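Taken together, the values in this text are just the output of simple stated rules run on the coordinates, not laboratory data. Quick caveat, the model's predicted, so the values are computed rather than measured. FYI the Cβ positions are ideal-geometry reconstructions off the backbone, even for glycines, and counts take in every protein chain you see.
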Amino acid sequence: RKANVGVVGLAAMGASLARNLAHHGNRVAVYNRTYQRTETFMKEHGDEGVLIPSQTVKEFVESLSVPRTAIIMVKAGAPTDQVINELAEYMEQGDIIVDGGNAYFEDTIRREKAMAERGIHFVGMGVSGGEEGALNGPSMMPGGSDWSWETLKPILESIAAKAPDGTPCVAHIGPNGAGHFVKMVHNGIEYADMQLIAESYDLMRRGLGMDPQQIGDVFAAWNKTELDSYLVEITAEVLRKRDEKTGKPIVDMIVDHAGMKGTGTWTVQTALSLAVPVTGIAEAVFARGLSDQTALREQAQKENFKAPEAALHMDGAEAETFIELIREALYASKIVAYAQGFNEIAQAGQKYGWDIDMAQVARIWRAGCIIRAKFLNRISDAFESGSADISLLFAPYFKEALENCEEAWRKVIATATMHGIPTPVFSSSLAYFDGLRSKRLPAALIQGQRDLFGAHTYQRVDEPGAFHTLWAEPDQKEIKISD
Ligand code: NBP
């Protein structure tokens, strides 16, 4: 009997996904460019279910039942294009190619179009949860045609992570690039979330002088509050871990340069082109960038700038109170980061003609993925009720949360600023919120400046139309340019 699904690429992600599929009763064809990897895979895992190896792409495609369904898990970029073309050579109309790699959504749009011309359904699918998730239950965000979803649904539901209420964490996001777009924003939110946790740690470490073990205990306690999430949980684990070699906290032995692979940058670049402010995500990407500016940071050390003392000189009850303020600042900033990410998805949905169900997106992020968190239940409820249509910040639950945290948020940022501890995501999130709720913004002045140096015109508060002041004329008269 033939395989009902196939996996191309048996590196970390593909191997885990193929095993997960086999564990759930699928008959799984497997292929890898270098056959030795397939042989090793079969030797180690061949007995875990029905796994059908092939040495060539032709053989692989022939081992699939119709409609043939192949999931690609290879390096994003040119390797993905190569594999798609190889598969398409042997596939027929109605077959389905799924790209589970971290593709840029514009590439997915292009690939979907090219395959559609040949009658092949191309599905760009975001897969979150890393290797462990791929093996035991990832959160998956497939795009592509409704028709392909019919075939993919039972296969993907069989391997998806299950939310606490039992719902599989997979849903059809929308046509062509919608799935990869949503996965990209998921990663952007992940950057913001991680940076917020890092800023909280820094305040406790440098500000309150706590050791990593103690801070780990604080995160473990926070994991029992609204902040209950995978990232907070693993933070406690990292902070409590000691280095085997030196016995010191492992965090002190790790070089403080954060890496990145590009999805955060894409999220920000795309947001800029859509003119959607995602300030939290952007600052998180820049913070990683700054950490990695070796020469700049070394020179800054040599300059020995005059700086305030980082220590807050708090202890006992005062320190305890400040820790709670940090928690609230983190929660408020996190709500802003999610609201901004969802705004980006909504804006892209309009531009690209995707009808994305935000409540469903929040629902499939509840398990399997890196940003899984208890409060995603609240987010899906908010979207479902329609109260988050314009922004998550206006949904009653989140509005109240922001109001409750606001004072703490300001105090933490003010304190951090006075003590020279950088909090770029805390601060930019609050600035966004303050900007948003301001009745009048200094943007009026900017319009005046633009009109003076570039005759860009402005609108008046009391009359429709476009106006320009003749700034260079002695009497600086205003003229109406258009209605
Ligand atoms: P890698 O991204 O390291 O890619 C290695 C795989 O790509 C191998 O199977 C390799 O075959 C194959 N490959 C390459 Br490279 N060039 C090829 C070509 N021209 N033709 C055919 N196959 C080619 O693997 P990964 O870490 O498992 O990730 C797979 C995908 O999943 C990536 O797009 C990644 O961004 C995405 N992803 C990864 C994670 C994660 O946590 N790692 C999470 C979510 C998504 P070979 O054996 O012959 O060299």
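The table below lists the values:
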read-out: Anisotropy class of the chain from Cα gyration tensor, a/c 1.5 cut; value: oblate
read-out: Size of charge dipole - the chain - debye, nearest 20, with Cβ of Lys, Arg +1 and Asp, Glu -1, no other charges; value: 700
read-out: Table column - 3J(HN,Hα) (Hz), the range 366-381, Karplus curve with 6.51, -1.76, 1.60, x for Gly and Pro; value: 6, 8, x, 9, 5, 8, 4, 7, 4, 6, 5, 4, 5, 5, 5, 4
read-out: The range 471-480 - phi-based ³J(HN,Hα) in whole Hz, Karplus 6.51/-1.76/1.60, Gly and Pro as x; value: 4, 7, 6, x, 8, 6, 6, 8, 10, 8
read-out: Tensor-based shape of the range 355-414 (alpha-carbon gyration tensor, a/c under 1.5 rounded, otherwise prolate or oblate); value: oblate
read-out: Dipole moment magnitude, nearest 20 debye, the range 170-253 about Cα centre, only Lys, Arg, Asp, Glu C-beta charged; value: 180
read-out: Cross-link table LYS183/LYS241; LYS374/LYS399; LYS153/LYS261; LYS2/LYS75; LYS399/LYS439, entries beyond 20 Å C-alpha to C-alpha; value: LYS183/LYS241; LYS153/LYS261; LYS2/LYS75
read-out: Angle in degrees between helix 294-303 and the longest Cα principal axis of the chain, rounded to the nearest 10; value: 30
read-out: Relative packing of 140-153, 17-30, which averages over residues the other C-beta atoms within 10 Å, highest first; value: 17-30, 140-153
read-out: Prolate/oblate/rounded call for the range 1-156, Cα gyration tensor, a/c under 1.5 rounded; value: rounded
read-out: Nearest 10 degrees, 0 to 90: helix 12-23 Cα axis against the chain principal axis; value: 60
read-out: Amide hydrogen neighbours beyond the local backbone of GLU478, cut-off 5 Å, H modeled; value: LEU470
read-out: Protection proxy ranking of 205-211, 425-431, 289-295 - average other beta-carbon atoms within 10 Å, highest first; value: 425-431, 205-211, 289-295
read-out: Built amide H within the under 5 Å cut-off of ILE52, gap 5+; value: VAL28, ALA29, VAL30
read-out: Degrees separating the helix 396-418 axis from the principal Cα axis of the chain, which is the longest one; value: 60
read-out: Cut-off under 5 Å, modelled amide H: who pairs with GLY124 long-range; value: ASP99, GLY143, GLY144
read-out: Gap separating the Cα centres of the range 362-379 and the range 65-96, nearest whole Å; value: 30
read-out: For the range 328-342, Karplus couplings with θ = phi - 60° (6.51, -1.76, 1.60), whole Hz, Gly/Pro x; value: 5, 5, 4, 4, 4, 5, 5, 4, 4, 4, 5, 4, 5, x, 5
read-out: The chain, helix-only ellipticity at 222 nm - DSSP H runs n ≥ 4, -39,500 (n - 2.57), divided by all residues, nearest 500; value: -17500 deg cm²/dmol
read-out: Spacing of the two label points (7 Å from each Cα toward its C-beta) at LEU296 and GLN347, in nm; value: 2.4
